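Notes to accompany the following structure.
The values are calculated or read from the model by the stated rules, or taken from the named source; none is laboratory data. In this text the structure is predicted, and so the values were computed from the model without any measurement. Positions of Cβ are generated from backbone atoms using ideal geometry, with glycine treated the same way; all protein chains shown enter the neighbour counts. Calculation scope for accessible area: heavy atoms of the full protein, side chains included, ligands and nucleic acids excluded. Shrake-Rupley method; radii C 1.70, N 1.55, O 1.52, S 1.80 Å.
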Amino acid sequence: MSTVDAVNNAVNDDPSRTEAVPTSAGLTESIDPTKSTDPSDAQWLARAIELATENVANGGGPFGAVIVRDGVLIAEGQNRVTASLDPTAHAEVSAIRAACQVVGDFSLAGMTLYTSCEPCPLCVSASLWARLDRVVFAADRDDAARGGFDDREFYELFARDRATWPMRIDSVRPVNAPEPFDAWLALGDRTDY
């Protein structure tokens, strides 16, 4: 069975298959995949899964992503965290960076991100900042946890009080703390984002 056929079967037959939807907290919740209105979901998820599997064979992490606009591939990304020694080089972030370069804009409005696994909070945030219209994923945070990745742990961490986090986050507010924002607001020709 081809990867496209496998994803088609999952989309059509598996009630646990999920699609990412932004919530008020900026994270994701699952929705019924049978409500998908895009018949090409299986094709693009298959490509994301193929990229992820190829990346493992090439020494990278098991994550792949593609960005599509109006049925046309705009960019692809693979997890390059260990290859580039960059903890932010997730497949989704790599695809977002590449897509922004292709279209010449920091906004990816009107586009869909397909990813081999449910995006971690970093990638959900990047997707929101990129103004993507939609995020669709295959494997979920529990699959990632089984593979040894912290995604589920990070989602749970954000639900807890910061005082319980393993990393301290301190607010130290000098008198000039708002100065960069004052300069930004005074800049008449700024590009808002």
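Using a cut-off of 15 Å between beta-carbons, work out the net charge of the residues near S94 (Lys and Arg +1, Asp and Glu -1, S94 not included).
Once positives and negatives cancel, what remains is -1.
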Options V66, W44, V81, ranked by Cα towards positive dipole end of the range 38-86, top entry (Cβ charges): V81
FRET efficiency for D70 and S125, Cβ-Cβ distance as r, R0 = 35 Å, nearest 0.05? 0.90
Note, I74: beta-carbon cut-off 13 Å, +1 each Lys/Arg, -1 each Asp/Glu, net -1
Rolling a 1.4 angstrom probe over the protein heavy atoms, how many square angstrom per residue are accessible across the range 110-193? 68 Å²
With all protein chains in place and a 1.4 Å probe, T53 shows an accessible area in Å² (nearest 10) of 90 Å²
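Can you give the charge dipole size of the range 39-193 about its Cα centre, rounded to the nearest 20 debye, using +1 on the beta carbon of Lys and Arg and -1 on the beta carbon of Asp and Glu?
Computed about the Cα centre, the dipole is about 140 debye.
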Taking 41 Å as R0, compute the FRET efficiency from the Cβ-Cβ separation of A57 and L157 and round it to 0.05. 0.85
Cα centroid distance between the range 114-193 and the range 86-113, in Å? 15 Å
For F181, F158, write out the residues from largest to smallest accessible area, computed with a 1.4 angstrom probe and no ligands counted. F181, F158
In nm, spacing of pseudo-spin labels at R168 and V103 (7 Å Cα→C-beta vector): 4.2 nm
Enter the accessible area of D140 (Å², nearest 10), with the probe set to 1.4 Å and all protein chains included. 50 Å²
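Starting from the Cα coordinates of the range 123-193, work out the convex hull volume and express it per residue in Å³.
For the range 123-193, the hull spanned by Cα atoms encloses 138 Å³ per residue.
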Using a 1.4 Å probe on the protein heavy atoms only, what accessible surface does W129 show? Give it in Å² to the nearest 10. 150 Å²
From the P(r) of the range 54-150, could you give the percentage of C-alpha pairs in the tail past 17 Å? 45 percent
Note: the range 61-110, point scatterers on Cα, Debye, no solvent; log10 I/I(0) at q = 0.23, 0.25, 0.31 Å⁻¹ equals -0.77, -0.87, -1.11
Accessible-area order (highest first, 1.4 angstrom probe) of the listed residues D189, D105, D161: D189, D161, D105
